[in-house]
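The values are calculated or read from the model by the stated rules, or taken from the named source; none is laboratory data. Given the structure is predicted, the values throughout are model-derived calculations rather than measurements. So basically every Cβ, Gly included, is an ideal-geometry build from the backbone, and we count neighbours across all protein chains shown.
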Amino acid sequence: MHNREFFLKYKLHHLFIWMLVFGLWFFLRRNDYSKESTAFQVTLVKVVDLAIMVYITNYLLLPKLFYKKRYAGFIVIFLGMIIASSLLKMQVLGRLLNAPALLDFSSGWRTRIYDNMIPHFFLVTAGAAFKLMFDYTKMQQRLAEVAKEKAETELNFLKSQINPHFLFNSLNSVYFLIKKDNAEAREALHKFSEMLRYQLYEMGGDKIPIEKEIRYLHDYVDLQHLRKDENYTVSFQCAPEVNGFSIEPLLLIPFVENAFKYISHHQGKPNYVKLAMNRSNGSFSFSVENSKENMSSVPAEEKGGIGLTNVKRRLELLYPGKHELTITDSNNKFSVQLNLSLS
C-alpha cells in the first residue's frame, strides 16, 4: 500500500509539471496561430514529444549508458533520437497545420535544423541536466547517511571493546584488595560502583560534561593507586579552567589505563604516573606520562594494547581536524599529549 501511494504521488507530481509546461507554452505561443484550437493541438504535440524524449533520456539512456560510462553510445543514440523525433514531429505538424513545406525534406534544411532540432536538443538536454542534478544530490545524501551509519557502528564497536576491557581490569583491582582490611575494600568497591554507574547511566548522550569525565578518572586513579605499593607515585593535576564544556565519554581513560598497565617496577628508581589537564585559548590539553621498563623485546602490537588503537580511531571519527595526538615512547618513559579544539 505504501509503495502504491508513493507511485501515485510520483506520477501526479510529474503530471503537474507537464501541465504547467503545457500551460506556459500555450500562453506564450497561442497568438502565433489563427485559432486557439490549432494552438492547443500544436502545443500538445510539442509537449508530448518533449516529454517522451525527456523520459527516454532520463530513465533509459542515462542509467543504461551514461552512468555506466558508455559515453560514445550515449551521444550517438541521444543525437539520433533527437533527429528522428524532430523529423517525426515535423511530419505530424505538417499534416496538422496543412503545411506542405514541413513535409518536404528536399530544401530548407538550415531553417528546419534551427527551428526544430536545435531547440529540441537544448530542451531535452535541460531535462537531462535536472535529472543529473537530482541524482547527484540523492547520491550525496545516501553517501552521507552511509558514512554516518558506518561511523556510529564503528564507535559502538569501539565502546563495546573498551568497556569490558576496563571492567576486567577493575575487577582485578578489587580482587587484589580482598585480603586487605575491610575499610580499603569498602572504599574500592564504592569507587567501583560509582564508575559502573557512570558507564551505565550517564553515558546515554553523545557527549558528557568534562567534570564527570574528570571524576571518573579520579575514581579510576584512586582504585589503581590502592593496588600499588609505596614505590609508586601518582600525580593528578587539573587546572581550575577545565570546566564548562563537554567531550566524548571514555575518550581519556584508555591513555590512563595504558599508563598503569605498563608502569615500571623498578626497585631503586622511581615508578610514577603523571596526569595533567589544562584549558587555554579554546583548546583542552590532556597529558599522561608513566615510567616504564625497556620493552624492546616485546612485540610492537603488545606495547599499546587495544585501548590506544581504539581511541586513535575514535579521535579520527569524532574530532576530524580538531585534535592533535602526540605519543612518545622512549626506553624509560611513555607519554601522551592530546590537544582538542573546543570551538
Query raised in the report: If you check F78, F22, which single one turns out to be aromatic (F, W, Y), under 21 Å from F122 (Cα atoms) and modelled with pLDDT of 90 or more?
Result: F78
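I'd like to know if segment 23-36 contains one or more residues that are farther than 18 Å from F134 by Cβ, part of a helix (DSSP H, G or I) and basic (K, R).
yes
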